[in-house]
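Below: one structure, written as structure tokens.
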């Protein structure tokens, strides 16, 4: 099950460089955010190919337009010789190619964005990619700063987290009357709270063999886990419900590198 992410993360906090849709990432040359699934990667590759084709066409156009126009030998020749018609036809043809390429790219991009807007949320929920419930009112004062600080893996998120850990799911029991499951996790690598047997200052560490399993609630719309699943989870302070669940060895490794890099700074922060 791929990691699920909240769209607000990429767009406002920057999903986290996820952003961050595939077309924008292809145009700006930015990589996809951690947690991007197979569908997103396929779309990103297609967008990169389209952008590369457009750039190649624009390069050809630039070369055509940059070619110097032959100058007449003298004024008399210039008066007798009109400007060559093929050059004007070439110029008009180049402009037509540019207009067609730009129009096609815009239409393709708009169609892609509409398709993503209509089905992206459902697809992410169905495939169980990385999810985060840290959403804020964009109109509120300071909302941008709060959002940037609550993106999973950032120093501010770690400073305000009750639990950030990797482990193996040993139990998933439905909570009666709710669309949630109570997850039991055998922790193999703890980041928050800071483990006593730390592998080094601010690096997190392997959990001691006798570490008791941890439990947390998980909304069914965020992810569906079962015994044996390897996951990385994030649970905000004062909250019983996980807002981030990452699965898949590659996505977990990406998130692990980000969390490890942010840990030293997080130890200097307080959660306010």
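The relative contact order of the stretch 152-266 comes to 33 percent, based on Cα pairs under 8 Å that sit 6 or more residues apart.
Sorting 246, 27 by the number of Cβ atoms found within 10 Å of their own Cβ, with the fewest placed first, yields 27, 246.
Spin-label model, residue 27/residue 46: points 7 Å from Cα along the beta carbon direction are separated by 1.8 nm.
No value in this document is a laboratory result; all are computed from the given coordinates. It should be emphasised that the depicted structure is a prediction, and the values quoted were computed from it without experimental measurement. So basically every Cβ, Gly included, is an ideal-geometry build from the backbone, and we count neighbours across all protein chains shown.
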